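Structure, as structure tokens:
The values are calculated or read from the model by the stated rules, or taken from the named source; none is laboratory data. A quick note: this is a predicted structure, and the numbers were derived from the prediction, not measured. As a convention, Cβ positions derive from the backbone with ideal geometry for all residues, glycine included, and neighbour counts pool all protein chains shown. These area figures cover heavy atoms from the full protein model, side chains too; ligands, DNA and RNA do not enter into them. Shrake-Rupley method; radii C 1.70, N 1.55, O 1.52, S 1.80 Å.
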Amino acid sequence: MHEISLCLSALELIEDQARRHGGNRITGVWLEIGALSCIEEEALRFCFDSACRHTPAEGCRLHVSYAPAQAWCWQCGTRVSVQGYESGCPRCGSHALRVESGDQLQVKQIEID
Ligand SMILES: [Zn+2]
């Protein structure tokens, strides 16, 4: 499961941010899952919970949202928003896409105490 390594690197970033802002405890975390990241919310929540154990983020509230991916369609020659790998280009259905964003996990916001 690649969710574990993603959670660990996200948590590293979160702890770093919290330290920089002088927070002792992280009370809330907002994560955004890219539509093409192949991350499942359930698996993400599970991994994040265990990654947070014994860290300042233990017991924090996790907010998860999805972001559509941005890709370049070679068929249409346009930048399009893609909802998933299977759906392909929303205009022509082509899978000749170059993914530009939305294949990652992003930390949008954190709340510290
Ligand atoms: Zn297209």
Looking at segment 55-102, which of its residues are within 30 Å of Gly23 (Cβ to Cβ) and in contact (Cβ under 8 Å) with a residue 60 or more places away in the chain? Ser101, Gly102
In segment 87-113, which residue that is aliphatic (A, V, I, L, M) and away from the ligand (no atom under 14 Å from the Cβ) is farthest from Ser9 (Cα to Cα)? Ile112
Within segment 93-113, the count of residues that are of a type in the set (Gly, Ala, Ser) and buried (at least 16 other Cβ atoms within 10 Å of the Cβ) comes to 1
Could you check how many residues of segment 65-85 are in a strand (DSSP E or B) and closer than 14 Å to Cys38 by Cα? 5
Filter segment 21-37 down to the residues that are part of a strand (DSSP E or B) and more than 22 Å from Arg53 (Cβ to Cβ), then identify the one that is farthest from the chain's Cα centre (by Cα). Gly34
Odd one out for Glu40, checked against (1) more than 11 Å from the ligand (Cβ to nearest atom); (2) at pLDDT 95 or above: (2)
How many residues does segment 38-49 contain that are open to solvent by 30 Å² or more (accessible area, probe 1.4 Å) and part of a helix (DSSP H, G or I)? 5
Quick one: in segment 50-92, of everything that is polar (S, T, N, Q) and touching a helix residue (DSSP H, G or I) at 6+ places or on another chain (Cβ under 9 Å), which residue is most open to solvent (accessible area, probe 1.4 Å)? Ser50
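One line per residue, one yes/no per condition, for (1) at pLDDT below 95; (2) over 25 Å from Leu11 (Cα atoms); (3) within 15 Å of the ligand (Cβ to nearest atom); (4) in contact with a Leu (Cβ under 9 Å, 6 or more places away or on another chain):
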site	(1), (2), (3), (4)
Arg53	no, no, no, no
Glu58	no, no, no, no
Ala69	yes, no, yes, yes
Trp72	no, yes, yes, yes
Gly77	no, yes, yes, no
Val80	no, yes, yes, yes
Tyr85	yes, yes, yes, yes
Every residue in segment 17-37 that is in contact (Cβ under 8 Å) with a residue 12 or more places away in the chain, farther than 12 Å from Glu111 by Cα and open to solvent by 70 Å² or more (accessible area, probe 1.4 Å), please. none
